[in-house]
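Report on one structure; see the data block that follows.
The values are calculated or read from the model by the stated rules, or taken from the named source; none is laboratory data. Bear in mind the structure is a predicted one, so any value in this text is a computation, not a measurement. No Cβ is skipped: glycine too gets one built from the backbone with ideal geometry, and neighbour counts run over all protein chains shown. All accessible areas refer to the heavy atoms of the entire protein, side chains included, with ligands and DNA or RNA removed. Shrake-Rupley method; radii C 1.70, N 1.55, O 1.52, S 1.80 Å.
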Amino acid sequence: EFATRSLPLAFALFALAACNSGNEPRVVVPPPVMDGDSVRFRADSPQVKVLRSEPVTEQNRESIKLPARLVWDESRTVRIYPPLSGRIQRLLVQPGDGVKAGAPLALLASPDLGQAQADARRAAVELGLAEKNLARATELHQHGVLALKDVQAAQADQGRAEAERQRSVARLKLYSGSEVVDQEFAVRAPISGVVVERNANPGQEVRADQSANSPLFVISDPSRLWVQIEAGETVLRALKIGEPVLLSSAALGDQQFKARIEQVADFFDPQTRTVRVRASVENTGRQLKAEMFMNAEIEIDRGQFIRVPESAVMLRGDTQYAFVDEGEGRFRRQKVVAEEASFGQLRVRSGLKSGERVVVDGGLLLMQLFSRQR
């Protein structure tokens, strides 16, 4: 057991001794030449190989990603509650069915409708009787048999009966019911669209005051959705109506969908300290679903800056430095003013020029060389 454990150690010692033996040539690394804020390596120096540089360009816009959620377009959505109490007798549509405005969705047996129908019939009978009494009173008055006050009383009775008739008919029209007393009320679609939600079952008792509960039906046009975006205070000024938005989701792979900002709320959520931004997106292919979480990518104006990775900027004390690759093994230390961007990136406001090559890997080695110089 001891021999087994000692074997790797013995091998390592052997390898170390072989490396230190006089048989192996020693690699001599030439020292770099320091000159103020510049350092120069020989072209064949192995230290240059660990330094990786990239060209930088000046820009004024950058993309930010914000959390978003898809919801129904409320300008094309209606939630249907029963205007009358009753019992559902029959359902005529299923979720996913397309409907036209005015199409029946369900049939209710409603005593409330029966009462309204009976009131309309009774008002019609009473109006007919009042009109006959008025005609009879008028004729008798013309023959001097009946006093004028009796004619006037008959006119008043006819006016009240006519008003009650108009009221009962208007109420019945509100429910789109016939004057036949059948108590059958049809729940109809107020707009054309797709039945996206149904919370009704045959035999279910419904009430006219259940608006606090779930609606019986939700009809919407899923070919267009709203996008609810939560934005923080730092990007609020850049969010303007009409700005384009790119939507993406891990569930949809590399697909992106174009949206456009339509509204920016006038207040912040006191809990999350975010403001709600609303955009709209076309969904003719029906790939997007309501209540789906998305990433909203928005391009905003940041002023002139140069974007670099965080690894390209070194901090010493309160001063930020970047290293410019001037070619042929020469690197220049440059003071910069940078601020945090996003996703491991920094925005350099001053110190770098467009087209310069900046060290993005290995800058720590250069920083150590300048530290030793002092």
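Using 0.36 nm per residue of separation minus the Cα-Cα distance, give me the extension gain between residue 162 and residue 54 in nm, one decimal.
On the way: separation 108, 0.36 × 108 = 38.88 nm, distance 8.92 nm.
Computed gain between residue 162 and residue 54 is 30.0 nm.
Return the FRET efficiency for the residue pair residue 310, residue 71: r is the Cβ-Cβ distance, R0 is 25 Å, and the value is rounded to the nearest 0.05.
Details: r = 36 Å, r/R0 = 1.45.
For residue 310 and residue 71, the calculated efficiency is 0.10.
Can you list, largest first and rounded to whole Å, the semi-axes you get for the chain by taking the square root of 5 times each eigenvalue of its Cα gyration tensor? Please list the in-between numbers first.
Details: eigenvalues 1493, 146, 45 Å².
Whole-Å semi-axes of the equivalent ellipsoid: 86, 27, 15.
Out of residues 5 or more away from residue 262 or on other chains, whose amide H comes under 5 Å of its own, with H placed 1.01 Å from N in the peptide plane?
Result for residue 262 returns 242, 278, 279, 280.
PRE reach from residue 103 (point 7 Å along Cα→Cβ): which of the range 161-200 fall under 18 Å by backbone N?
Under 18 Å, as judged by backbone N against the label point of residue 103, lie 186-200 of the range 161-200.
Using alpha carbon centroids, what distance separates the range 176-248 and the range 80-147, in Å?
When both Cα centres are located, 30 Å separates them.
Mind telling me which of 184, 126, 74 comes out most flexible in a GNM of the chain, alpha-carbon contacts under 10 Å?
Most flexible of the set in this elastic network: 126.
Could you run the Karplus curve 6.51 cos²θ - 1.76 cosθ + 1.60 with θ = phi - 60° over the range 278-290 and give me ³J(HN,Hα) per residue in whole Hz, x for Gly and Pro?
Karplus values, whole Hz, x for Gly and Pro: 10, 10, 10, 9, 6, 9, 5, x, 6, 7, 7, 10, 4.
Equivalent ellipsoid semi-axes for the range 62-147, as square roots of 5 times the alpha carbon gyration tensor eigenvalues: give them largest first, rounded to whole Å.
Details: eigenvalues 652, 76, 23 Å².
Calculated on Cα positions only, the semi-axes equal 57, 20, 11 Å.
Express the carbon and sulfur contribution to the solvent-accessible surface of the chain as a percent, rounded to the nearest whole number, probe 1.4 angstrom.
After summing per-atom areas, the C and S share lands at 51 percent.
Output the peptides 41-54, 349-362 sorted from most to least packed, where packing is the average of other Cβ atoms within 10 Å over each peptide's residues.
Details: 41-54: 14.3, 349-362: 16.4.
My ranking of the peptides, most packed first, is 349-362, 41-54.
What residue among 60, 295, 213 shows peak mean-square fluctuation when the chain is described by a Gaussian network model with Cα springs under 10 Å?
Result: 213 has the largest fluctuation of those listed.
Can you work out the Karplus-derived ³J(HN,Hα) for every residue in the range 146-160? Use 6.51 cos²θ - 1.76 cosθ + 1.60 with θ = phi - 60°, whole Hz, and x for glycine or proline.
Those phi angles translate into 10, 6, 5, 4, 6, 5, 5, 5, 5, 4, 5, 5, 5, x, 5 Hz.
Would you mind working out the magnitude of the charge dipole of the chain relative to its Cα centre, with +1 at each Lys and Arg C-beta and -1 at each Asp and Glu C-beta, to the nearest 20 Debye? Numbers along the way, then the final one.
Details: 50 positive and 48 negative charges, 134 e Å.
In total the dipole reaches around 640 debye.
Note the count of lysine pairs whose C-alpha atoms are less than 26 angstrom apart in the chain, limited to pairs 8 or more residues apart or on different chains.
Close lysine pairs found across the chain: 12.
Just name one of 93, 348, 236: the one whose Cα is farthest towards the positive end of the charge dipole of the chain (beta-carbon charges, Lys/Arg +1, Asp/Glu -1).
Projecting each Cα onto the dipole axis, the largest value belongs to 348.
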